[in-house]
Structures are given as C-alpha cells and as structure tokens.
Amino acid sequence: MSGVMAGLLRNTTTFDIGNGLSGKAAANSVNAYTLPNGRQRAFTTAYDNPYWSANNVPFKDNVNRFYGNLNLEYRLNSWMKLRYKLGIDNYSDDRNSAWDIGSSSNILGRVVTSNIISTDINSDLLLLINKSINKNIDADITFGHNYYSNKYVAKSIDGDNLSQKGFFDISNAAVISSNNTIRRRRLVGAFGDIKLTYKGFLFANITGRNDWSSTLPKTNNSFFYPTFSTGLDLSKALNFESNPIVPYAKIRASLGQVGNDAPLYALNTYYDRTTAGGDELIPGIAFPAFGVNSMERGGSLSNSNLKAERTTTFEVGGDFKFWDGKIGLDITYYDASTQDQIVTTTISSASGFLQQIINAGHIQNKGIEITLNTTPIKTKSFQWNLNVNFSKNVSIVKSLPLGVTQISLQSFSALASLVRVGQPYGVLNGTHYQRNAEGKLIIGTDGWPLISTIQAPIGDPNPDFIAGVDNSFSYKNFELGMLWDFRKGGDIWNATKAFNSSLGISKESGDLRKVTGYVYDGVTVSGAKNTVPVDFANPANGLGGIKWRKGGTFGVSEDYIEDGSWARLRQVTLRYKFPKTLFKGIFNGSSISVYARNLLLFTNYSGIDPETNLSGDSNATGWDYYNLPNTKSYGINFQVSF
C-alpha cells in the first residue's frame, strides 16, 4: 500500500523510517527511504515508507479554467423588459500520477496520465415585470426559462511495468492501456416568481418551477415545486423606524418545496472495466492489468423507477436591528421533510450486484439558525466588525420504503452508516458490548465483557451545533480579518486507532499493555457483580486474549467512537487598500492581501483531524481510516476594479 498515512501510522515503533532524520531533512535524503542496493527502505513490503511515497509516488495536476457571462436586455415598455443571460464555465485538468519501481502497491512501477475537460452551460431567458397595481400595491413578477447542461470528458492512459526508475512518462511503460469516460447531464426548467408589496411593509411571494431532467426516467422526468412566503415589516407598519433602540423589525414565514433529480446513469446497468479485489475502503486493481483486458457488468443495479426527491420546508423567522442599527439579529426556525430522498444503498450480493440507487422514504430535519452582526467600535480611522453565526439541526428518519428496514450508505465489517427509522440520518451502527436493562456491562465467565452478536447504533455523526465567529478590524487603509469555526459533537469512528491497536502499535495499546488484574465494572449473566480479573495483554493468553484483538481486526467498534468537537482558526487575512490617487486614471480601486487558512486546531479527538472524512463529501460521515489531515495554505491576492 502506497498511502502516506498508512505507511506512517502502521510503521512499527522499532523501525526508524527516517534513518536518523525526520521531517524535511528525511524527505530530502535518499538514504532515509532507499537502501544502498536501490530498493526501498521500509519495515515491510506491505506498506511504503512515507518518505518514499513523498518522493517516488508523485501526483501532479495543472488546472486551467475559463468562465464568463453574457447579459442582454431589451426594454419592452416602462414596466416590462426581456433579459437573457448566458454563462459558461469550462476547465481542463491535466494530471500525472506515478508509482516508481519498488512501490508496494505497484512493484513494477506504474504511471497514469489523464486529461479532464468539463463544460457547464447555463442559460436564462427572463420576462421581468415591475408595475404598481394601484397606489398601495406594487408587483414584481418574473417568468423565465432555464437551460443547464454539463459535459464531462475524461481520457486516461495507464502505463505499467516501467523500464527506468524515476522516469514518470508514459513512454517508459511496457504495458499501455487507455480509458475514456463521457458524462452528460441536461436540465430544462420553466418558472415564475410573483412578489407583491402592500404599502412597503407587507410582502407576499409566490414561486413555482417545473424541471425536466435527463437523469430521471422519460416517463417520470418532470417535477414541479412551489413556494409561498410572506413578510411583515413591523417597524414601518407600526411606525417606529425612528426608535433608537429597535429601529427595524421584520418577521417572515414560508412554506415551499425544492426538487432534486437523480445521479447520472442510475436508470440502467452498464458494463465497465473489471476491478479485482478491494472493498468499500480500499480500491481494487482496475483492468487492463497484467497484460489482460477484462470488462464486467457494473456493480450497481439499475432502477428505472426513480423519482425526483422533494424537500418541503416550513420556515419562520425575523430580522431585527438595535441601537440605531449597530446590532443586527437574524433568527430562523425550520422544519424540512424530505420525501423519496435519493441515496445509494448496499444490497445483497446474492442479487449479483453490490449497490443500488433508490428513493429512501421520509427524512425530517428540524433546526434553528441565528446570525448576529455588530460594530462594537467605530471611529474616524478605526472600525471593528463582528459577525457570529450559530446553527443546530436534528435529523430523524421517519419512514423507509415498504419492506426496507434499513439502508446502508457505507459499510465495513465492524461498522456501517445507516438510514434507519427512528435514528439520525447516517447513524453509526457497529459492534458493541452486551448490557443489561440498567445499561451495565454483562461480563463473561472469563472476566471479559460479552460482545453482542448483533450490531446496533453506537454513534451519531451529526453535530449538536456548528458556529462561526468572524472578526474584521480596519485601520485607515489596512484590514485584518480572523474567522473562527466551531463544531460541538458529532461522533467519529476512529478506525485508524482500532486497526493500529490490533497491530499493537497504537499509543493506547502501548500504554495499557502492562495492565494486569483489571476487573471490569459490570455484572455476570446471572446478575451478580463481576469479580474476575483480566490481563490486557498477557502473551500466555495468545492473540485472542489481548484486549485490542477482541472482536476481530477492528476490535469492538464501541471502544473507538469518539467525540468530534473542534475549534479551528479557519482563516486570517491582512489586506491593504491602495490610495485611489496612486493608480488614478487606470484603476478605480486596488488592493493587495495575504491570507492563511487552517492555521490552528483545538480538539480532544485523538485522531488526525475530526473535520476530515474517509469518503469525503458524502452522506456517510464520521469515518476516520488513515485519513489525510486538512492542509494549511498560504497565498497572496491582488485585486483591481475598473
């Protein structure tokens, strides 16, 4: 395996991966990761030395992006006009990845060159009407047509069996194969938006949109979703706009729907390149390989009955300003119910497939969002702006399709992320200890807690709340910004710690292996208090008698569920605005800024970074299995306006 984190964290503590060096010094020294005979210096052939990976398993990419908009407008009369907007977003991504000869995952060497071109086209034709119906009622009406399309083309050339070490070019490969991927998606919509205002303080808004999607069945590719909202400006209606304490207050309410189509190519089953080995966590070997080509039926079962998912949201809230507008407060409560949510679920392999995209039933989300903005200090040359946001969401699965008891979003032997009725969305379901009705551990005759034969919910990956604090300080032409992000709660399965403990190389297994005569606080099967002592790692008891080997390779998942709370200094920016006279006649304004992201992290989580997730931005969250940490980044930005 050539992963940096696996090679680093699975390394035995008795092997010096840097050969006397560490950090950049080791990474820059060939002797740290290469033996005199040119072979890789590692404690096992199963994993690469991370310094070898850093130097001999490169990945490079070069992205070029072009985007722009065209706007045309024609006024039909004093209160009606036509507007057309055309936008394009195109990028190309040239990538080159390689595994040098001697890498554990590709002993003979491998190089992959790929080119990705993605083009988004978005078109809007709008009829805009702005007219006073009478002296009290104003109307702002929009009718429109939207067209969106995406074309994604990826071409790759894979080269295996390299001839020369350190030469990462496709011409250096003895066995060459290629792959071509094309994805197309199209969405067409028609919509209307009617806003009515009564005397400037009472507002009503009705919207409706119908979409036709290429990712849904032809017989069911149309879906409509309306919204109704209303608002009341109390400060204007009750005439207290000049009140210095509360000069502005507006309340609002809305009820509406949002529709969403299906992922690409979920309606049919396709053939693709064969993949051998691997699992949901570790990728397998994609053919052509070893000089052999192979195609196989895709592992996802088609679903020609997919429907658009719909989320119906009821929302109430208010906007308030205090003390002559120095403090602003926005509060929102929402209740959102999603019907027919589209998810990918694991299905029985007896079907001949591994997964299927389905409509998942009814999921409810309730929450509150609060935003506070204020200017604590404001003088002629200095100003401090403060923005605070807080949000809390609670999700519950209310129902699933008939005959479906649970849906697996991601699974492994010891844990799964599930959609299960009565549980939070994506609940962590895994191996756990047996307990009695009072919640006490049930202990076996050997003194060890009994492990349940049935997996059950053991963690909720959804946070209790998230928050952010954004400070901005300005002095004359200088501005300093600091953004802090906070997350409270959200369970994480620390599978890295679990696997390393089973190998005997985690800190926990090192600290506790000398524990002897430990008596677990619990009761026996008969209900009596447990009094039998155990040794956590007595060699005389074999592997099965070691605490961290109980329950298999990943131990008992319950032991490795941790709180994922954190506080993070997300970004710091220092900006200088050049005087307008400096570039007079050239620019209307200009500035230069330096920034840094992800500078500090405060957390009690014992893993690498509680914000990262094994499967990235997916529905299955709370997984840490040799995840890479977030990266710190630094940059400089120069802006001009004409």
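The values are calculated or read from the model by the stated rules, or taken from the named source; none is laboratory data. This is a predicted model, so every value here is computed, not measured. Positions of Cβ are backbone-derived with ideal geometry, glycine not excepted, and every protein chain shown enters the neighbour counts. All accessible areas refer to the heavy atoms of the entire protein, side chains included, with ligands and DNA or RNA removed. Shrake-Rupley method; radii C 1.70, N 1.55, O 1.52, S 1.80 Å.
Dipole magnitude for segment 165-237: about 100 debye, using +1 per Lys or Arg Cβ and -1 per Asp or Glu Cβ, origin at the Cα centre.
For segment 339-481, the equivalent ellipsoid built from the Cα gyration tensor has semi-axes of 46, 23, 14 Å, listed from largest to smallest.
Rounded to the nearest 20, the Cβ-based charge dipole of segment 513-642 about its Cα centre (Lys and Arg +1, Asp and Glu -1) stands at 800 debye. Charging the Cβ of each Asp and Glu at -1 and of each Lys and Arg at +1, and nothing else, the dipole of the chain about its Cα centre rounds to 1600 debye. Peptide packing: for 59-65, 431-437, the average count of neighbouring Cβ atoms within 10 Å per residue gives the ranking 431-437, 59-65, highest mean first. Projecting the Cα atoms of Phe167, Asn260, Leu196 onto the charge dipole of segment 136-286 (Cβ charges, centred on the Cα centre) puts Leu196 farthest toward the positive pole. Among the trypsin sites (Lys or Arg not before Pro) in segment 516-585, those located in a DSSP loop and surrounded by at most 16 other Cβ atoms within 10 Å of their own Cβ are Lys580, Lys584.
Its relative contact order, with pairs defined as Cα atoms under 8 Å and 6+ residues apart, puts segment 210-353 at 25 percent. Size estimate for segment 115-246 follows the Kirkwood approach: the inverse of mean 1/r over distinct Cα pairs works out to 20.3 Å. Segment 605-638 and segment 220-255 have their alpha-carbon centroids 38 Å apart. Summarised as an ellipsoid, segment 1-101 has semi-axes of 56, 13, 11 Å, derived from the eigenvalues of the Cα gyration tensor scaled by 5 and square-rooted, with the largest first. With the cut-off at 22 Å, report for segment 550-624 the share of all Cα pairs above it, as a whole percent. Considering segment 550-624, 54 percent of its Cα-Cα pairs are separated by more than 22 Å. With both labels modelled 7 Å from their Cα along Cα-to-Cβ, the Asn538 to Ser302 distance reads 6.1 nm. At q = 0.06, 0.10, 0.11 Å⁻¹ the log10 of I(q)/I(0) for the chain amounts to -0.48, -1.33, -1.54, computed by Debye summation with a single uniform scatterer per C-alpha, solvent ignored.
How long is the gain from Ala190 to Lys507 if the chain were fully straight, where each residue apart is worth 0.36 nm and the alpha carbon distance is subtracted? Can you show the working numbers first?
Details: separation 317, 0.36 × 317 = 114.12 nm, distance 5.93 nm.
Using 0.36 nm per residue and subtracting the Cα-Cα distance, I get 108.2 nm.
Karplus-derived 3J(HN,Hα) values for segment 313-326, using 6.51 cos²θ - 1.76 cosθ + 1.60 with θ = phi - 60°, are 10, 9, 9, 10, x, x, 10, 9, 10, 10, 6, 6, x, 6 Hz; glycine and proline are entered as x. Full extension of the segment from Phe143 to Ser618, taken as 0.36 nm per residue of separation minus the current Cα-Cα distance, would add 167.5 nm.
Restricting things to alpha carbons, find the Rg to Rh ratio for segment 399-537 using the Kirkwood radius for Rh.
1.15
A Förster radius of 30 Å, combined with the Cβ-Cβ distance separating Ile245 from Thr379, puts the computed FRET efficiency at roughly 0.85. Normalised by the number of residues in the chain, the average gap of Cα pairs under 8 Å and 6 or more apart makes the relative contact order 7 percent. The residue list Leu543, Val523, Leu574 was ranked by how far each Cα lies along the charge dipole of segment 509-594 toward its positive end, using unit charges on Cβ atoms, and Leu574 comes out on top. In order along segment 610-620, phi translates into HN-Hα couplings of x, 8, 7, 9, 3, 9, x, 7, 9, 6, 8 Hz, rounded to whole numbers, per the Karplus curve 6.51 cos²θ - 1.76 cosθ + 1.60 with θ = phi - 60° and x for Gly and Pro.
Separation between the Ile368 and Phe167 pseudo-spin-labels, each 7 Å from Cα along Cα→Cβ, expressed in nm? If labels sit at Ile368 and Phe167, their model points lie 6.8 nm apart. Which of the listed residues, Tyr47, Ala6, Ile141, is farthest toward the dipole's positive end in segment 1-146, when Lys, Arg count +1 and Asp, Glu count -1 at the beta-carbon? Ranked along the dipole, the leading option is Ile141. Here segment 295-397 was treated as a single set of alpha-carbon atoms; its pair distances binned every 10 Å from 0 give 13, 25, 20, 16, 13, 9, 4, 0 percent.
If you plug the beta carbon distance of Ile157 and Tyr265 into 1/(1 + (r/R0)^6) with R0 = 25 Å, you get a FRET efficiency near 0.60.
How about segment 417-525: which GluC sites (Glu not before Pro) there lie in a loop by DSSP and see at most 14 other Cβ atoms within 10 Å?
Numbers: sites: Glu438, Glu479, Glu508; in loops: Glu438.
Taking segment 417-525 and a limit of 14 other Cβ atoms within 10 Å, the loop GluC sites (Glu not before Pro) found are Glu438.
Taking θ as phi - 60° and the Karplus parameters 6.51, -1.76 and 1.60, the scalar couplings of segment 576-591 work out to 10, 8, 6, x, 4, 6, 5, 10, 4, x, 10, 10, 6, x, 7, 7 Hz in sequence order, x denoting glycine and proline.
What segment 80-158 shows is 48 Å² of accessible area per residue, with the surface traced by a 1.4 Å probe over protein heavy atoms. Relative contact order, whole percent, for segment 510-639 stands at 18, derived from Cα pairs under 8 Å and 6 or more residues apart. Computed extension gain for Phe638 through Ala567, at 0.36 nm per residue and net of the alpha carbon distance, reaches 22.6 nm. Based on the convex hull around the alpha carbon atoms, segment 60-184 presents an average projected area of 11.5 nm².
Give Lys236/Lys380; Lys131/Lys321; Lys440/Lys514; Lys497/Lys632; Lys307/Lys398 a once-over and call out the pairs whose C-alpha atoms are over 22 Å from each other.
Result: Lys236/Lys380; Lys131/Lys321; Lys440/Lys514; Lys497/Lys632 exceed 22 Å.
Of the accessible area of the chain, computed with a 1.4 Å probe over protein heavy atoms only, carbon and sulfur atoms account for 56 percent. Put a dot 7 Å past the Cα of Phe43, heading toward its Cβ, do the same for Ser222, and the two dots end up 6.5 nm apart.
Per-residue ellipticity at 222 nm from helix content only, as computed over the chain with -39500 (n - 2.57) for each DSSP H run of at least four residues, stands at -1500 deg cm²/dmol. Placing a label point 7 Å from the Cα of Leu402 along the Cα-to-Cβ line, the residues of segment 345-368 whose backbone N sits under 16 Å from it are 359-362.
In this structure, the amide hydrogen of Ser104, modeled 1.01 Å from its nitrogen in the peptide plane, lies closer than 5 angstrom to those of Asp48, counting only residues at least 5 positions away or on a different chain.
Temperature 37 °C, viscosity 0.692 mPa s: under these conditions the Stokes-Einstein estimate for segment 167-320, based on its Kirkwood radius over C-alpha pairs, is 155 µm² per second.
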